[in-house]
């Protein structure tokens with residue numbers, strides 16, 4: 001379960017103080033798919049960075065399974081990111097000189113999983129996200145956008161995280177591929193019992209999630225549930 | 001895929017850039033290793049030169065070193081005084097005389113070359129049936145008052161030494177046939193130089209006459225120079241008897257216990273004997289000039305070694321900075337998916353090490369090809385600049401002996417002597433250099449990637465989102 005209480009993030013930009021996240025409170029249950037929508041510059045990415053322990057909040061708490069990650073040390077945050085969080089980025093962010101399967105193996109290497117075990121799991125995950133065998137040994141530049149995003153999703157699942165944070169996961173894909181990727185993410189919440197929080201502009205996708213939040217000027221509002229499975 | 005494998009793989013990410021980096025680094029590392037090799041070669045040469053100084057002091061009558069000769073002969077009492085000086089472990093003496101061929105022209109027989117070991121006015125001359133192996137040459141005639149167009153015959157005298165087995169500079173005779181003289185020899189026996197033996201068709205067992213006595217050749221020596229190999233040596237006591245100088249010696253050779261004590265012992269002996277009695281010399285001064293110029297080369301090579309290393313470190317630093325800046329987002333991704341600072345920094349340090357090691361391997365090739373030329377060029381430029389400086393200051397040189405075959409170049413003689421002493425500097429790339437090179441490569445990689453690694457640790461993983 002993800003629970004966020006009174007989360008605030010402030011920046012200093014010259015003499016100005018910017019507060020992209022102002023007193024955010026929300027909760028997402030285990031296995032739920034939540035979407036955060038908002039205009040460009042509304043603070044969506046900042047909020048995602050805070051949830052993913054990529055940045056430290058100015059105030060507030062973020063509980064993941066009752067552990068307040070806002071209070072963890074840098075070393076524990078690294079371990080937390082490695083074991084409990086999976087990221088899916090808009091621009092996929094695969095390591096360009098590694099093959100698809102090597103990219104999926106990378107988080108497991110950081111977690112200290114033995115080589116044989118990580119190879120098997122990486123292959124199994126790539127099969128699960130639908131990347132053909134022949135493409136698993138290709139480098140990202142030789143894969144389509146949709147295929148790269150499948151690899152990124154497989155990589156996010158590598159260490160069996162509790163939470164997957166997706167930043168515009170379909171933003172760089174055509175609508176049909178975007179649908180497939182969304183469907184894939186949605187199915188994972190069921191099969192892997194993983195909580196997904198996705199930041200998106202795509203209102204059609206937002207409408208298909210378990211929960212939808214709208215971020216306006218740093219304040220999060222829960223939209224009326226309109227789950228369509 | 002481990003951190004090391006990823007680091008190695010990353011080093012070949014951009015082949016063209018890696019190739020350029022390796023080439024530039026190889027020049028820097030090669031140059032630094034060449035300087036190290038040159039430094040070692042020069043160091044070995046200095047050690048050789050220091051060893052060649054030996055531990056002997058030559059004590060001659062005061063004033064006998066110049067053209068004019070002079071001074072009172074040394075005596076056995078002075079030998080005792082010298083042997084009592086601290087650090088002196090043994091004392092030996094030689095007595096010099098000259099032999100003039102009995103058939104040579106009577107009007108030139110008294111004309112002796114000046115400066116031949118000094119004491120020209122007091123050195124005894126006897127007659128012999130031997131013929132000198134040294135051709136007097138034009139200079140020999142001129143220095144002895146015989147004009148070039150004179151029809152008179154001038155024959156170079158033969159230098160004789162009363163000895164117990166060493167020449168006048170204290171070096172033991174290098175016997176090529178027969179045996180050397182010993183302190184127990186009291187008969188009319190002699191060892192003669194190779195050239196003199198050839199000129200007079202003498203071998204071990206042959207006889208010749210000197211001072212109206214018949215001497216038996218017991219050994220033939222080769223001291224390496226035309227002048228030395230034209231000489232003859234007889235037992236010291238025999239020489240003293242024949243020249244009626246019993247108790248007197250021409251030169252005393254004192255052996256000092258260690259090369260480090262030569263200078264202080266030289267001063268002590270000089271003080272003990274007095275400056276008006278004897279001149280005390282060692283070969284240290286000539287060697288000191290050579291060592292001084294080699295030490296200059298050593299300093300240059302150390303500075304260049306450090307400079308080339310710093311340049312290589314700066315190159316790898318700039319390259320790693322560029323790579324880190326280029327891969328900032330990737331670093332953010334690695335951190336976001338659980339990579340620790342240590343893991344990511346290690347990956348980049350491995351990448352830098354791979355580049356530096358490749359540069360070091362090519363640099364080793366550069367060193368093998370260039371180190372000898374660099375060492376020779378350094379030594380040659382250093383000695384020639386010292387030589388010109390010495391020449392301008394008018395320092396006198398050696399080669400004053402007269403006689404056709406002997407160098408009389410005067411002013412430049414001193415430095416030419418040191419240049420000859422230095423000779424060839426052999427630069428070899430040994431294991432020591434390779435180990436130092438490897439250590440230097442590691443140092444370059446670590447120093448060059450330290451700041452980029454620190455920058456990596458400062459990259460916030462959120463950068464991966466902010467850029468989007």
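The values are calculated or read from the model by the stated rules, or taken from the named source; none is laboratory data. All figures in this text were calculated on a predicted structure; none of them were measured in a lab. We place every Cβ from the backbone using ideal geometry, glycine too, and count neighbours over all the protein chains shown.
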Q | Cβ pairs under 9 Å, 6+ apart, first in region B:1-19 and assigned by TED's automatic domain parsing to the domain that holds residue B:355 and closer than 17 Å to residue B:362 by Cβ, second at pLDDT 85 or above and exposed (fewer than 14 other Cβ atoms within 10 Å of the Cβ) | A | B:17/B:322
Q: Evaluate the following for residue B:230: is it in the same structural domain as residue B:98 (by TED's automatic domain parsing), touching a helix residue (DSSP H, G or I) at 6+ places or on another chain (Cβ under 7 Å) and at pLDDT 85 or above?
A: yes
Q: Please indicate, with yes or no, whether at least one residue in region A:147-154 is within 14 Å of chain B (Cβ to nearest Cβ), more than 17 Å from residue A:209 (Cβ to Cβ) and in contact with a strand residue (DSSP E or B) (Cβ under 6 Å, 6 or more places away or on another chain).
A: yes
**Q.** Count - residues of region A:34-56 that are modelled with pLDDT of 85 or more, within 12 Å of chain B (Cβ to nearest Cβ) and either assigned to a loop (DSSP other than H, G, I, E, B) or within 11 Å of the chain's Cα centre (by Cα) (or both)
**A.** 8
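Which ranges mark the strands (runs of 3 or more DSSP E) fully within region B:152-216 that have 2 or more residues being farther than 24 Å from residue B:255 by Cβ? Outline the logic, then answer.
Values: elements: B:158-163, B:175-178, B:189-193, B:207-210.
In region B:152-216, the matching strands (runs of 3 or more DSSP E) lie at B:175-178, B:189-193, B:207-210.
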**Q.** Candidates B:271, B:343, filtered to the one that is surrounded by fewer than 19 Cβ atoms within 10 Å (Cβ to Cβ), assigned to a helix (DSSP H, G or I), at pLDDT 85 or above and not assigned by TED's automatic domain parsing to the domain that holds residue B:41
**A.** B:271
Q.
Within region A:182-196, does at least one residue satisfy the condition of being in contact with a strand residue (DSSP E or B) (Cβ under 7 Å, 6 or more places away or on another chain) and modelled with pLDDT of 90 or more?
A. yes
(Q) Restricting to region A:1-33, and then to whatever is surrounded by fewer than 13 Cβ atoms within 10 Å (Cβ to Cβ) and not in a strand (DSSP E or B), can you tell me which residue is farthest from the chain's Cα centre (by Cα)? (A) A:15
Q.
Could you check region A:144-174 and list, in sequence order, the residues that are assigned to a loop (DSSP other than H, G, I, E, B), in contact with a helix residue (DSSP H, G or I) (Cβ under 6 Å, 6 or more places away or on another chain) and surrounded by fewer than 23 Cβ atoms within 10 Å (Cβ to Cβ)?
A. A:159, A:162, A:172, A:173
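The rows are residues; the columns are (1) surrounded by fewer than 20 Cβ atoms within 10 Å (Cβ to Cβ); (2) within 14 Å of chain A (Cβ to nearest Cβ); (3) modelled with pLDDT under 80.
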residue	(1), (2), (3)
B:420	yes, no, yes
B:426	yes, no, yes
B:430	yes, no, yes
B:435	yes, no, no
B:442	yes, no, no
B:451	yes, no, no
B:462	no, yes, yes
B:467	yes, yes, yes
